[in-house]
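Here the structure is laid out as structure tokens; the discussion comes afterwards.
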Amino acid sequence: MNVLYGLYQPDEGEILVDGKPLKLKGPSDAIGAGIGMVHQHFMLVPVFTVAENIMLGAEQTRGGIAGFLDRRRARREVAEVSERYNLRVDPDAVIEDLPVGIQQRVEIVKALTRDVDLLILDEPTAVLTPQETEELLTVMRSLKAAGKSIVFITHKLGEVKAIADRITVIRRGKTVGTASPEASRDELAALMVGRNVRLTVDKSPATPGDPVLEVAGLVVDDDRQIRAVDGVDLTVRAGEVLGVAGVQGNGQTELIEAIMGLRPVLAGTVSLAGDRIDGWKTKKVLRAGVGYVPEDRSVDGLVKEFSVAENLVLDIYDRPPFGAGLALKPDAITSSAKERIEQFDVRTSSADAPVGTLSGGNQQKVIVARELSRPLKLFIAAQPTRGVDVGSIEFIHSRIVHERDVGTAVVVVSSELDEVIGLADRIAVMYRGRIIGVVGPDTPREEIGLLMAGISPDAAAATDGGPATDAGSASEDEA
Amino acid sequence: MSTMAVPDVAVAPVDEGFWTRSRKVGLTLLALGLLAAVLFGALATDQQARFTLSDDAAGAALEINGTIGAILFGIIAIAAGAALLAGVPKRWFLPVLGVGLVGFVLSFLCWQVSAAPTGQNFMPLVNIIRGTFILALPLIFGALAGVLCERSGVVNVAIEGQLLMGAFSGALFGSISGSVWVGLVAAAVGGAFISLLLAVFAIRYLVDQVVIGIVLNLLAVGVTGFLYERLMQTDAEQYNSAPRFSNWEIPLLKDIPVLGPALFRGNIFLYVGLLLVLVIHIGLFRTRWGLRTRSVGEHPTAADTLGVKVLRVRYRNVLLAGVVAGIGGASYTLALYSFTKNMIGGKGFIALAALIFGRWNPTGALLAALFFGFADQLATYLSAINSSIPSQFLAMLPYLATILAVAGLVGRVRAPAADGKPYIKG
């Protein structure tokens, strides 16, 4: 897609627009040819206003060579487009103050003010609540009605089926097939991975034992000293999987980091099998029998320049048999690494290959292999399958379930609702730093979606429930 | 259309408890005020402290009894501190803080002036103000060079080198040609030369920008020092006797009391500097060039996807920065002094401090530069009246202020998000 938008140059082949071959030297050529793109990571300057972001690159100016910005005209343009496609945005709002859904709307308006005929949407729903996603689909339908073409890139099959007129499946840089929206989910998934995969996780009912992790009244701040976890109570028992669902940025990251001793606990307690572990150093927490898959593997999970073998012992390199005194024992490290590469199906050229050369899925398997090779009481996996191919997802999920079955307490944090529903025995939904509800995995997706948006069933029924009022007033502002 | 706002925890108000930043600052100010009222009040003498509205002891003056003045202005600082402690509306924070700090400084001055040797119990305001601006001049140019560079995302630690190279080439080519204008152009080119090296290494070859900046400073010191010894010292007549811009009085403005004689009856570079602050401020926030510059400094990828040529904008801004700093260097050799080895003497780094203290904003940088210039001028004045305060103490102020600024004690200081990060496509 970046080639289509002129960001990358093609090595071979050509692009035809309206039947004419097109040479794109840069994004401005693409815009000129009527191609607009909404990137997965928004291309908005956070400290600029909506109008400034929309103006950028296509500024209307007065005063000749001095080039004074014509803000009034920019505002009018934004208003026009907003009106025409029913995409309301405030041109004077500063981007970083806007919720993600509105930022995405700004991106769409930005493309539309440039008179594009073709709009590329790259994974637009990854950061949205189910309700916002629904609304985006509505916008896409109205754009279609207005005669625009849309390329919608996503890995969520339900969305593809809901909106697409034609579906093209790409795997490893090649078109592997096309399908119509009537194709079943299983057919599409099979096209995507090249073989039939199970979308649901096979697992027997849980047999919960004693509480292992107990969190009470936990309060944690984020990096900017803003309250991120605001009084969370949780209990996870041996032999069960607790799924933590929620739109990203609602305190899940901070909750897990606080449990792991990576972030100071401001109030409340964290206990592991009866022992208070809040205030412990991370190393001590790990050694007490906690396994941890961090959400960002390349930053927190692996040292990319280190070999697979070295990454596999990052937790216990200083313990026998891998270390003695000041020295490492390379032979022991390598032989154990080979064993685990086998056991966890890590596809690597050798145990000495730098882990950064592996695919995302195999990197993730290295982390899972490392963390599951210690005797565990508690296993915490944050976004365990983000950016991981479907085959590896299947494998990682089965290992997580296996860990549960041998009696470990498991916490899975994921922004993929399907993953949480598939794995969890109980689902805790986080919203604005609180657990807004704990539900079973059989709960309808819609209900969980509402919880993720801060609307709990009882609060919605009440006339002046806290979170419900928040959401209500927000929708009035934007309507 | 009904939209669910995505929860944004970041927007939630910070609960700082009772000790907000405003209160902490208020407490500090209160302590300073107490110090001023008690200590400065006790040390001040009963002499009249005279602040003359001229260049010397003559003429009209603002007078106040030293002891009374020191205590009175100290009390003003205490009052401002107490107000902040009690809590004031947000928009009153800066004005009240300003009043408090001015009170503290005036209290200090009342003590110093009244305690000066008999016959020297005066402070010539015109002289002080002029000195403040002249000493701030290289800082203003340097900080503007920093603004131009860093707003586009290239860290400019090479300000010192740019100023020095500007001063040197201004002196050299001014002397050879005998024309101030040739000197001025040469100075701009000299500064731009250092900038070009910075740009090529930082933008093209992705060298760490701080490291390359420091290296370029050393290069400038080395090259100019070498040529100074080989050319200027052996034949000063030929190579180091640049003509100077003559003083130019601005009609009308020169007749403003105090400020007129202090600022508008002389140095042409001062006018250029002040004008540049205005031009760059408007340019940055009101023009297409400014919007593109800021976008490239904040989020180059976003700018690129909209067809803004990121690298071209950066090259252009870094070169412009060199031109501005080069002219700043010429403000030494084409108006005030002959070239001497390493004559910038660290002012480039104080300019960097002014840039940060002024929050990457041209007007802020001007105010910061003036504050540092005032500290500098005050040090000179105090040593002239044999003050008990060592002048090194005041020379330390810019750095101290910058550390406090960077530590976030005077509000959040936020550099352009992409400052110092090379842009690599894809």
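The values are calculated or read from the model by the stated rules, or taken from the named source; none is laboratory data. Keep in mind it's a predicted model, so treat the numbers as computed, not measured. Glycine gets a Cβ as well: all are built from the backbone with ideal geometry, and neighbour counts include every protein chain shown. Side chains are part of the model used for accessible areas, which takes the heavy atoms of the whole protein and leaves out ligands, DNA and RNA. Shrake-Rupley method; radii C 1.70, N 1.55, O 1.52, S 1.80 Å.
Observations
- Percentage, to the nearest whole number, of Cα pairs in the range B:66-199 over 23 Å apart: 60
- Surface accessible to a 1.4 Å probe, B:VAL102 within the full protein complex, Å²: 80
- Take each residue in B:291-298, count the other chain C-beta atoms within 10 Å of its C-beta, and the mean is 5.
- Top of B:GLY146, B:GLY273, B:GLY170 by mean-square fluctuation, Gaussian network on chain B, Cα under 10 Å: B:GLY273
- Based on Cα contacts under 8 Å between residues 6+ apart, chain A shows a relative contact order of 13 percent.
- Binning the C-alpha pair distances of the range B:21-115 at 10 Å intervals from 0 yields a P(r) profile of 21, 41, 26, 12, 1 %, listed from the shortest bin outward.
- On Cα atoms only, tilt of A:100-113 relative to the major axis of chain A in degrees: 30
- Helix A:466-478 and the longest principal axis of the C-alpha atoms of chain A enclose an angle of approximately 20°.
- For the segment A:126-137, counting C-beta atoms of other chains within 10 Å of every residue's C-beta and taking the mean gives 2.
- Buried solvent-accessible surface, both chains (A, B), 1.4 Å probe, Å² to nearest 100: 4000
- Pairwise label distance in nanometres, A:HIS402 with A:ASP296, each label 7 Å out on the Cα-Cβ vector: 3.0
- Taking B:ILE140, B:ILE256 and ordering them by how much accessible surface each has at a 1.4 Å probe, largest first, produces B:ILE256, B:ILE140.
- A 1.4 Å probe, protein heavy atoms only, puts the accessible area of A:TRP280 near 70 Å².
- Relative to the globular-protein estimate of 2.2 N^0.38 Å, the Cα radius of gyration of the range A:15-165 stands at 1.07.
- Cα centroid separation - the range A:277-352 against the range B:341-397, whole Å: 53
- Only beta bridges with both residues in the protein assembly as shown are counted; by DSSP, about 60 percent of them are antiparallel.
- With protein chains left intact and a 1.4 Å probe, residues in the protein assembly as shown average 45 Å² of accessible area per residue.
- Between the range A:27-67 and the range A:88-116, the alpha-carbon center distance in angstrom: 11
- If you wrap the tightest convex hull around every Cα atom of the range B:126-406 and split its volume per residue, you get 135 Å³.
- When the Cα convex hull of chain A is projected onto planes of every orientation, the mean area is 26.9 nm².
- Largest to smallest accessible area among B:VAL105, A:VAL232 [probe 1.4 Å]: B:VAL105, A:VAL232
- For B:LYS90, the aspartates and glutamates whose Cα comes closer than 17 Å to its Cα, not counting residues fewer than 8 places off in the same chain, are B:ASP15, B:GLU16.
- Gyration tensor verdict on the protein assembly as shown (Cα atoms; rounded if a/c is under 1.5, prolate if a/b is larger than b/c, oblate otherwise): prolate
- Gap separating the Cα centres of the range B:219-295 and the range B:37-79, nearest whole Å: 35
- Cα-Cα over 20 Å, subset of A:LYS203/A:LYS284; A:LYS156/A:LYS304; A:LYS23/A:LYS110; A:LYS25/B:LYS309; A:LYS25/B:LYS425: A:LYS203/A:LYS284; A:LYS156/A:LYS304; A:LYS23/A:LYS110
- Straight-line reach from A:LYS329: taking Cα to Cα under 17 Å and skipping same-chain neighbours fewer than 8 places apart, the aspartates and glutamates in range are A:GLU310, A:ASP315, A:ASP318, A:GLU339, A:ASP352.
- Computed with a 1.4 Å probe over protein heavy atoms only, the accessible area of B:HIS299 comes to about 40 Å².
- Mean sequence separation of contacting Cα pairs (under 8 Å, at least six apart), scaled by the length of chain B, corresponds to a relative contact order of 21 percent.
- Kyte-Doolittle mean at least -0.5, axial Cα span of 20 Å or more - DSSP H helices of chain B: B:21-35, B:66-86, B:93-115, B:125-151, B:159-177, B:180-199, B:209-227, B:268-286, B:310-333, B:362-384
- Fraction of beta bridges assigned by DSSP in the range A:211-473 that are antiparallel (%, nearest 5): 60
- Within the range B:203-332, the percentage of alpha carbon pairs spaced more than 18 angstrom apart rounds to 71%.
- Among B:TRP111, B:TRP19, B:TRP360, residue whose mean-square fluctuation peaks in a GNM of chain B (springs only between Cα atoms under 10 Å): B:TRP19
- Entry note, the range A:211-473: relative contact order of 25 percent, from Cα contacts under 8 Å with a spacing of 6+ residues.
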